[in-house]
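**Q** Structure below; questions to follow.
Nothing in this text is a laboratory measurement; each read-out follows from the coordinates by a stated rule. Computed from a predicted model, the values in this text were never measured in an experiment. Cβ sites come from the backbone with ideal geometry, for glycine too, and all protein chains shown count toward neighbours.
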Ligand SMILES: [Zn+2]
């Protein structure tokens with residue numbers, strides 16, 4: 001066996017056993033179409049049944065033809081894209097079953113798979129715009145009213161093991177069939193139909209290297225059969241693994257400080273990735289990953305690569321594996337990443353066909369480090385997180401497969417043909433252009449206040465990931481919930497942070513590094529304001545202003561610098577200071593505030609000079625009298641300013657500032673956010689050391 005001097009023997013993680021969640025009362029009132037949707041959502045929302053976005057479901061239902069008024073048999077089948085767990089009825093393609101069956105006259109053999117996809121739109125029922133997926137023939141060619149196709153880890157484990165077919169016999173006797181690996185498409189549909197015809201009475205078929213397809217007489221029967229088959233496979237595998245460690249046992253234990261190590265490593269690795277756009281990272285130390293990466297068999301199995309097509313399309317065939325010691329040595333990291341990219345290029349050259357699309361991104365998606373965990377990098381946060389979760393699925397598959405035999409990866413050429421499938425390429429070409437800040441990470445201090453929140457909203461709306469740092473934890477939670485609702489949970493993080501506290505600032509940047517992979521855009525915005533004549537300005541008030549407005553900006557910029565330097569080869573970064581009109585215009589009775597703001601603005605110029613060689617740009621936005629939503633204007637400052645002008649602190653104050661401006665307009669947080677957005681991205685790529693007034697016009701603040 002896999003004896004190793006330091007092997008520990010914690011028992012292997014086990015497969016979760018799914019159970020039926022069918023609610024007969026709820027289902028009783030449902031139409032046949034609603035029952036199909038209900039069944040699909042139940043299956044897809046249980047990750048023990050299928051991975052995200054994996055699998056499809058169908059029902060053959062009688063519908064009224066809009067032209068003839070006659071009853072016709074229609075195949076409702078999950079359309080291309082989407083996820084059965086969250087789909088709605090409009091996610092199903094609807095096609096005339098009779099026309100689908102008639103397509104066989106155009107089928108001459110396996111080389112016609114691509115051609116057959118082109119005929120599917122001709123079978124559309126009722127002008128339904130949802131495109132039919134390549135799995136449609138699997139459903140149309142089977143003579144059953146209800147069909148499920150899912151990718152459960154427990155069954156793929158059988159499907160990707162040398163002992164899988166034998167295990168399937170042991171679990172199900174002759175009840176479940178077995179088809180060797182075949183790429184999804186019309187040919188697989190024909191093979192499946194012929195297999196089922198030759199094996200009457202079977203309940204389902206395992207598709208080697210892929211998943212399972214099962215059927216039933218009604219929606220509930222079909223659903224419960226699918227769940228039962230998965231539970232039976234999981235129980236069998238759990239019995240086989242019981243009491244034994246997985247993957248030959250643990251040789252590297254999870255490191256206690258792995259979160260901090262990961263935060264540093266994410267920044268370095270992200271900076272060494274190549275490509276036209278920067279990527280977002282995701283780190284996880286979930287139990288599957290720690291068990292696998294710390295095991296005796298890790299290197300051998302990781303090199304074999306993932307099996308199920310759904311997995312490797314997200315994860316690439318094989319991960320990049322590193323030792324924790326590699327993370328401290330930039331030259332080793334560079335060499336290993338270069339070697340990975342060279343390996344990918346070699347795979348492309350070995351497997352390419354004359355008409356293959358151009359080589360895609362050669363960078364690793366999944367990076368595994370024993371003791372530290374799993375890091376994934378992709379164009380956006382959700383894709384990075386999902387790639388990681390798919391790799392966890394792949395680990396489950398390997399654990400089960402090794403428990404009953406040897407794990408088998410997918411043949412390289414087969415994998416290539418799926419990855420570079422021409423129809424898939426056409427789909428990629430049709431994808432909309434990404435938003436300007438997709439792949440960028442922003443950290444906004446004072447992120448829960450008026451300008452901070454408006455700025456975060458602007459950056460999120462352009463595709464950035466945002467970490468909000470603020471002292472006010474209740475407002476932070478509120479802002480996070482609102483942004484998560486609008487932009488999704490993946491792209492928003494928070495850190496409780498007082499910018500005058502060196503340790504808290506460092507911790508906020510570490511969180512940003514661990515959660516996203518670094519910082520590309522820093523918006524130093526956290527501020528206060530005070531007013532007092534010089535003789536009444538206490539040293540405490542003086543220091544408070546300089547602590548928050550000068551030192552706070554210094555501390556955040558200092559933390560941002562190394563993370564942005566790490567991205568020097570990919571464009572560096574952008575630092576934006578929220579200044580003030582009073583940074584350039586003298587303010588009566590506010591010397592502590594105005595001088596601290598002036599110090600911050602000059603700091604920006606100094607940093608623009610220091611940052612330029614690394615592509616780090618530093619610019620300032622000078623607002624004036626942004627009252628709406630501002631915490632500064634909620635308190636004493638409003639009273640003081642109104643008192644200074646001898647006016648009412650409510651609407652009169654806002655009118656006072658509006659009328660004082662040259663353009664006679666209110667300045668809103670959204671106006672400041674727009675200027676920040678300009679400095680954050682490519683629009684201002686050739687601008688640094690600059691200042692932009694957003695104050696509705698103020699002669700005193702004109703730059704000179
Ligand atoms: Zn599938």
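**Q** Quick one: helix 669-680 against the long Cα principal axis of the chain, what's the angle to the nearest 10°, folded into 0 to 90?
**A** Tilt relative to the chain: about 70 degrees.
**Q** Moving to a separate point now. Using 5 Å bins from zero, what percent of all Cα-Cα pairs in region 143-233 falls into each bin?
**A** Reading the bins upward from 0: 3, 15, 27, 28, 21, 7, 1.
**Q** Residue 217 to residue 430: extension gain in nm, 0.36 nm per residue of separation minus the Cα-Cα distance? Before the final figure, lay out the partial values.
**A** Numbers: separation 213, 0.36 × 213 = 76.68 nm, distance 3.85 nm.
Between residue 217 and residue 430, full extension yields 72.8 nm more.
**Q** Could you quote the convex hull projected area for region 551-704, Cα atoms only and averaged over all directions, in nm²?
**A** 9.4 nm²
**Q** Report the dimensions of region 460-612 along its three principal axes from the alpha-carbon atoms, largest first, rounded to Å.
**A** On the principal axes, region 460-612 reaches 50, 37, 28 Å in Cα extent.
**Q** Sorting 175, 493, 471 on the 10 Å Cβ count, fewest up front, what's the list?
**A** 175, 471, 493
**Q** Assuming a viscosity of 0.692 mPa s and a temperature of 37 °C, what translational diffusion coefficient in µm² per second does Stokes-Einstein assign to region 111-181, Rh being the Kirkwood radius over Cα pairs?
**A** Values: Rh = 15.1 Å.
Using the Kirkwood radius from Cα pairs, D works out to 218 µm²/s.
**Q** At what distance in nm do the modelled label points of residue 101 and residue 286 sit from each other, each positioned 7 Å from its Cα along Cα→Cβ?
**A** Using points 7 Å along Cα→Cβ, the separation is 4.2 nm.
**Q** Got a sec? How would 87, 564, 431, 398 order by Cβ neighbour count within 10 Å, fewest to most?
**A** Details: 87 21, 564 26, 431 7, 398 29.
Least to most surrounded, the residues fall as 431, 87, 564, 398.
**Q** Turning to a different aspect of this structure: How many angstrom separate the Cα center of region 381-406 from the Cα center of region 88-130?
**A** Spelled out, the Cα-based centre of one part sits 32 Å from the other.
**Q** With N set to the number of residues, divide the alpha-carbon radius of gyration of region 352-413 by 2.2 N^0.38 Å and report two decimals.
**A** Compared with the compact-globule rule of thumb, region 352-413 sits at 1.41.
**Q** Further question on the same structure: Could you calculate the contour length gain from residue 175 to residue 656, that is, 0.36 nm times the residue separation minus the distance between their Cα atoms, to one decimal place in nm?
**A** 164.9 nm
**Q** Could you calculate the FRET efficiency of residue 299 with residue 543 from 1/(1 + (r/R0)^6), where r is the beta carbon distance between them and R0 is 51 Å, rounded to 0.05?
**A** Step by step, r from the Cβ atoms, then E = 0.35.
**Q** Okay, next question. Could I have the simple spin-label model distance between residue 700 and residue 360, label points 7 Å from Cα toward Cβ, reported in nm to one decimal?
**A** 5.8 nm
**Q** If R0 is 35 Å, what FRET efficiency do you get for residue 503 and residue 535 from their C-beta distance, rounded to 0.05? Display every interim value, and only then the final one.
**A** Working: r = 36 Å, r/R0 = 1.02.
The calculated FRET efficiency here is 0.45.
**Q** Separate question: With an 8 Å cut-off on Cα pairs and a minimum separation of 6 or more residues, tell me the relative contact order of region 398-463 in percent. Write down the numbers at each step before the final one.
**A** Working: 21 pairs, mean separation 17.5, N = 66.
Contact order relative to length: 27 percent.
**Q** Counting only DSSP beta bridges with both residues in region 90-235, tell me the antiparallel percent, nearest 5.
**A** Approximately 70 percent, going by the DSSP bridge assignments.
**Q** Quick check: pseudo-label points 7 Å beyond the Cα along Cα→Cβ at residue 277 and residue 89, how many nm apart are they?
**A** Output for this residue pair reads 3.5 nm.
**Q** Once fully extended, how much extra length lies between residue 666 and residue 330, figured as 0.36 nm per residue of separation less the alpha-carbon to alpha-carbon distance?
**A** On the way: separation 336, 0.36 × 336 = 120.96 nm, distance 5.07 nm.
My answer for the length gained is 115.9 nm.
**Q** So what are the radius of gyration and Dmax for the Cα set of region 1-150, in Å?
**A** In order Rg, Dmax, the Cα atoms of region 1-150 give 19.7, 76 Å.
**Q** Still on this structure, please answer the following. For 677, 223, 107, what's the fewest-to-most ordering of other Cβ within 10 Å of each Cβ?
**A** 107, 677, 223
**Q** OK, next. Taking all pairs of different Cα atoms in region 393-550, averaging 1/r and flipping that mean, what Kirkwood radius in angstroms comes out? Kindly include the intermediate steps, with their values, before the conclusion.
**A** Working: mean 1/r = 0.0520 Å⁻¹.
Final number for the Kirkwood radius of region 393-550 is 19.2 Å.
**Q** To the nearest Å, what is the center-to-center distance of region 591-611 and region 627-666, using C-alpha atoms only?
**A** Taking the Cα centre of each part, region 591-611 and region 627-666 sit 25 Å apart.
**Q** Taking Rh as the Kirkwood radius computed over C-alpha pairs, what is the Stokes-Einstein D of region 329-465 at 4 °C in a medium of viscosity 1.567 mPa s, expressed in µm² per second?
**A** 70 µm²/s
**Q** Using a Förster radius of 30 Å, what is the FRET efficiency between residue 609 and residue 682 based on their Cβ-Cβ separation? Nearest 0.05, please. Don't skip to the end; give the middle numbers.
**A** Numbers: r = 22 Å, r/R0 = 0.72.
For residue 609 and residue 682, the calculated efficiency is 0.85.
**Q** On the principal axes of its Cα set, how long, how wide and how thick is the chain? Give whole Å, largest value first.
**A** Computed over the Cα atoms, the extents are 98, 74, 53 Å.
**Q** May I pose another question? Between Rg and the Kirkwood Rh of region 394-483, both from Cα atoms, what is the Rg to Rh ratio?
**A** That ratio is 1.28, to two decimals.
**Q** On a 0 to 90 degree scale, rounded to 10, what angle separates helix 330-351 from the longest Cα axis of the chain?
**A** So the inclination is approximately 40 degrees.
**Q** Here is a further query. Compute the distribution of all C-alpha to C-alpha distances in region 195-297, in bins of 5 Å from 0, and list the percent of pairs in each, rounded to whole numbers.
**A** Binned Cα distances yield the sequence 2, 9, 11, 12, 12, 10, 11, 11, 11, 7, 4, 1.
**Q** Sticking to Cα atoms, compute the Rg of region 440-518 to one decimal and its Dmax as the biggest Cα-Cα distance, whole number, in Å.
**A** When restricted to Cα atoms, region 440-518 yields Rg and Dmax of 11.2, 32 Å.
**Q** A follow-up question, please. Over region 249-358, with a single point scatterer placed on each C-alpha, what log10 of the ratio I(q)/I(0) does the Debye formula yield at q = 0.10, 0.18, 0.22 1/Å?
**A** -0.36, -1.16, -1.60
**Q** Continuing with the same structure: Counting C-alpha atoms alone, how compact is region 111-268: give Rg to one decimal and Dmax as a whole number, in angstrom.
**A** Cα only, region 111-268: 20.3, 60 Å (Rg, Dmax).
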